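Peer 1: My structure is below; once you've seen it, I'll send some questions.
The values are calculated or read from the model by the stated rules, or taken from the named source; none is laboratory data. Everything numeric here is computed off the predicted structure, so don't read it as measured data. Positions of Cβ are backbone-derived with ideal geometry, glycine not excepted, and every protein chain shown enters the neighbour counts. When the accessible area is computed, the model is the full protein with side chains, heavy atoms only, and any ligands, DNA or RNA have been set aside. Shrake-Rupley method; radii C 1.70, N 1.55, O 1.52, S 1.80 Å.
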Amino acid sequence: MTEPFGLPSIDYGAIAPMLILFGASCLGVLVEAVIPRARRYPVQLVLTLAAIVAALVLVVVNADTRTVTVGGSITVDGPTLFLQGTILVLGLLSMLLVAERSLEPGGPFVAQAAVVVGSERDREQAQREPGATEVFPLSLFSIGGMLLFVAASDLLTLFVALEVLSLPLYLLCAMARRRRLLSQEAALKYFMLGAYASAFFLFGIALVYGFTAGVPNGADSGFDFAAIHSAIAESTASPLLLFAGIALIAVGLLFKVAAAPFHVWTPDVYQGAPTPITGFMAACTKVAAFGALLRVLHVAFSGASWDYTPVLGGIAVLTMLVGAVLAVTQTDIKRLLAYSSIANAGYLLVGALAPSKEGVASTMFYLAAYGFTVIAAFAVITLVRDGDGEATHLSRWAGLGRRSPLFATIFTFILLAFAGIPLTSGFTSKFAVFGAAFGSGHDWLVIVGVISSMILAFPYLRVVVMMWLAEPGESTPAVTIPGGFTATALTIGVVATLLLGVAPQMLLDLTVDAAEFVR
């Protein structure tokens, strides 16, 4: 439905959370330009947290909204609202970690201007100042792109959202202060591989558009998911266009979820990026990417599921095995969690490929549960540090249980949740996605998932044994006392991991109620 002069009708209430974040991010850029550096931190912090909270409130207010707006390019339905709420909650926790670490002099963030065009004096001055505050508007731009990514209902909007969420991340990954060369190398790898993935995605859009043009009379041809769904049943064009388009679009989406063989950027980026940004990416980006993948598979290409499921199932198997096996060989805690993230992407694919409401619901539950756990994990990593910064090599964690028993206990619980031990959210979420896959006849995926989970438990338990049974050495760092922001994020992450393990029914019911797509 359009207004006079061909303008599309817009439900501003439905898209208000995205408008708030994009408006606040633009305002944050102006703050960087007009307010002196010494006064920017409190302004940027309040602006960022207020924008995220306001957007979250509006998502809750829109809980019963089911609409397609902005000329059919944005859909607000159950999955959209649940995933947007999840992104905002996890984004809020991530920004608490960012706020804590960016405040301290010599923290993990360095001003990009000083790195790129500054003199040696500028760089030395940047080392003495609090971390760069441009991290806040960049993060808001990325979160806004994520909200749009899970709501997009046509391929062009999906591509725009992909770039809006990705481009700030490339910059954020390069902002590590103490490991500047490693950070910038990781950011360059991420950017180059991301550009290739975006090119594949665009080429896939073109092929799918060519396929929809084969609809008789061209009545339903276009980029929107409803038109693609109709064209799969009615188009007279060669199905090779459709299959090639699905394959290329899948490359772009699977790159963002870190599925094998498109995962090679993940370990380097996780290790090189500032740890709060790594946590932000590990939690929020995965929710956004799988949210978009769910809509593409269950709305646009559902009519071709018989054809693509074996291929994507093979990718899920490869992803689970690659993540589990290579995690065993890691000696850096951030690289270990990177391969853990890859394996978890495989488990999420198992749920996403289940062609049922239970598959969508279980995947959304897994995304929320995993997000809380991974935020808590990276919060602990930011605390294990010495005079040179964070101690991420596993040998440095030997005997940590005797130096800091409280935080070693917390990290042990987090690792057990990653391993899927009962009474943690990891067990509940794996049980949910495997149950949905088994009910859909994908028994082979469940078998491989269980085997890979057993393999992946080994590196987790190795860290536990190292922390508690090894003698602390001279290089074993202490755990710093967390500030209020870090303590809040860590507490919420740990409590959510526990509650979703022992009493998950409320969130499970919420995901089931929200698992209906508006076509």
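Peer 1: Tell me, which helices (runs of 4 or more DSSP H) lie completely within the range 39-132 with 1 or more residues that are modelled with pLDDT of 60 or more and within 20 Å of THR486 (Cα to Cα)? Steps first, answer last, please.
Peer 2: Working: elements: 78-103, 112-116, 120-128.
It comes to 78-103.
Peer 1: For the range 337-354, state whether one or more residues are more than 29 Å from ARG180 (Cα to Cα), open to solvent by 10 Å² or more (accessible area, probe 1.4 Å), touching a residue at least 12 places away in the same chain (Cβ under 8 Å) and part of a helix (DSSP H, G or I).
Peer 2: There is no residue in the range 337-354 that is more than 29 Å from ARG180 (Cα to Cα), open to solvent by 10 Å² or more (accessible area, probe 1.4 Å), touching a residue at least 12 places away in the same chain (Cβ under 8 Å) and part of a helix (DSSP H, G or I).
Peer 1: Let me ask something additional. At least 3 residues that are without any contact (Cβ under 8 Å) to a residue 12 or more places away in the chain in each: list the helices (runs of 4 or more DSSP H) lying fully within the range 134-243 that qualify. Walk me through it before giving the result.
Peer 2: Working: elements: 135-151, 155-173, 180-212, 225-234.
Per the criteria, 180-212.
Peer 1: Within the range 415-427, count every residue that is surrounded by fewer than 24 Cβ atoms within 10 Å (Cβ to Cβ) and not in a loop (DSSP other than H, G, I, E, B).
Peer 2: Here the count works out to 3.
Peer 1: Could you identify the single residue in LEU240, LEU254 that is over 17 Å from ALA354 (Cβ atoms), of a type in the set (A, V, I, L, M, F, W, C) and open to solvent by less than 20 Å² (accessible area, probe 1.4 Å)?
Peer 2: LEU254
Peer 1: If I go through the range 463-514 residue by residue, how many of them are outside any helix (DSSP H, G or I) and out of contact with any strand residue (DSSP E or B) (no Cβ under 7 Å at 6 or more places or on another chain)? Outline the logic, then answer.
Peer 2: Kept after step one, since they are outside any helix (DSSP H, G or I), are these residues of the range 463-514: 470-483, 503-504, 514.
Now narrow it down to the ones that are out of contact with any strand residue (DSSP E or B) (no Cβ under 7 Å at 6 or more places or on another chain): 470-476, 478, 481-483, 503-504, 514.
Matching residues across the range 463-514 total 14.
Peer 1: Something else: Out of (1) more than 24 Å from PHE458 (Cβ to Cβ); (2) open to solvent by 10 Å² or more (accessible area, probe 1.4 Å); (3) touching a residue at least 12 places away in the same chain (Cβ under 8 Å), the odd one out for GLY314 is which?
Peer 2: Going through (1) more than 24 Å from PHE458 (Cβ to Cβ); (2) open to solvent by 10 Å² or more (accessible area, probe 1.4 Å); (3) touching a residue at least 12 places away in the same chain (Cβ under 8 Å) one by one, GLY314 breaks only (3).
Peer 1: Within the group LEU367, LEU337, LEU348, LEU326, which residue is aliphatic (A, V, I, L, M) and farther than 30 Å from PHE159 by Cβ?
Peer 2: When all the criteria are applied, what remains is LEU326.
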